[in-house]
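This report concerns only the one structure given below.
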Amino acid sequence: MDVYLPIAAVTQDVFVLLALGLCVGFLSGMFGVGGGFLLTPLLIFIGVPQPVAVASSANQLVGASLSGVLTHWRRGNVDFKMGAVLSTGGFVGSAAGVALFTLLRRLGQIDLVISLSYVLLLGTLGTLMMIESVGAIVRARQPNARRRRLHQHTWFHGLPFKVRFRRSKLYISALLPLGLGFGIGVLSAILGIGGGFLIVPAMIYVLGMPTSVVPGTSLFQTVFIAASVTVLQALTNQTVDGVLALIMLVGGVIGVQYGARYGAKLRGEYLRVLLALLILAVGAKLLVDLTVPPDSLFSVVVRE
């Protein structure tokens, strides 16, 4: 059953869009990531214009992440204070990112920047995740192996403005989560990502947060950063397709509930290997699309 997307100006199968939202929502709940780093490229693959895919993906992340936060909150696995500090930095980063997005769009370079950024981001992330996951599997099979420290104290742990985060059992500078939130806000505006796949390892290895509270806290900050990006993109660039976002939202909300349940039952290192393979596959497809000559070297675009 086809549906017309008014802002994207294309027609798509509603069941395909629901399936994409369901799969991305499942991954969001399982890993505590927003899922936009996969949703945006997948929308581009099926023919949604890149600026619309970026802005609408951020909108879809709001509902899916909120659903996941509620699931983790019932289990007491959300550090709301940490999430609030991350979101504060994210608001500022979102405004800066939308301004940069608008400039690149005016210059006619936004499509190329999005594609290149995703190839670099997904290639790097998938490779690092694969190395870390395989290493974790190897260490798990060595009973006498010493347990590795999750994080080490470096110069940035001596920064001023220290705040106590009781749920995470941390006493660190607020500048750290503020800076992380700012970076995620910029990336969310330009690439339509929630940033969970970046901030989750940063929470563990940089901030030193307990693994149990990381997924819920990550989804909590994603709600507010994605919401601010959606509002700014709609007001500034008019690239948010409400029909597309609503369909994706329905699938995402359902998928995230099942993802959160199954994620608690399966071994994390094997799940990360599968996610790394998926990330590398998406990055490879984008790279192929950038390097292989198209069937038609010329196209006519009608702009109103």
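Scanning segment 44-56 for residues that are outside any helix (DSSP H, G or I) and of a type outside the set (A, V, I, L, M), we see that the one that is nearest to the chain's Cα centre (by Cα) is 49. Does segment 237-255 contain any residue that is in a helix (DSSP H, G or I), at pLDDT 70 or above and in contact with a Cys (Cβ under 7 Å, 6 or more places away or on another chain)? Yes; the residues of segment 237-255 include at least one that is in a helix (DSSP H, G or I), at pLDDT 70 or above and in contact with a Cys (Cβ under 7 Å, 6 or more places away or on another chain).
Selection of first residues in segment 227-240 that are touching a residue at least 40 places away in the same chain (Cβ under 8 Å) and at positive phi and of second residues that are part of a helix (DSSP H, G or I) and buried (at least 24 other Cβ atoms within 10 Å of the Cβ), restricted to Cβ pairs under 9 Å at least 6 apart or on distinct chains, gives the following pairs, ordered by first then second residue: 238/55. Step by step: first the residues of segment 1-43, then only those that are outside any helix (DSSP H, G or I), of a type in the set (Gly, Ala, Ser) and surrounded by 14 or more Cβ atoms within 10 Å (Cβ to Cβ), then the one that is modelled with the highest pLDDT. Which residue is that? My answer is 8. For residue 100, the conditions (1) crowded, with 17+ Cβ neighbours inside 10 Å; (2) more than 24 Å from residue 215 (Cβ to Cβ) all hold with the exception of (1). Look at segment 113-135: where a residue is touching a residue at least 60 places away in the same chain (Cβ under 8 Å) and a partner is among the polar types (S, T, N, Q), sitting 6+ places away or on another chain with Cβ atoms under 6 Å, you get 114/50.
The values are calculated or read from the model by the stated rules, or taken from the named source; none is laboratory data. Note that the coordinates shown come from a computational prediction; the quantities given were computed from them, not determined experimentally. Every residue, glycine among them, receives a Cβ derived from its backbone with ideal geometry; neighbour counts consider all protein chains shown.
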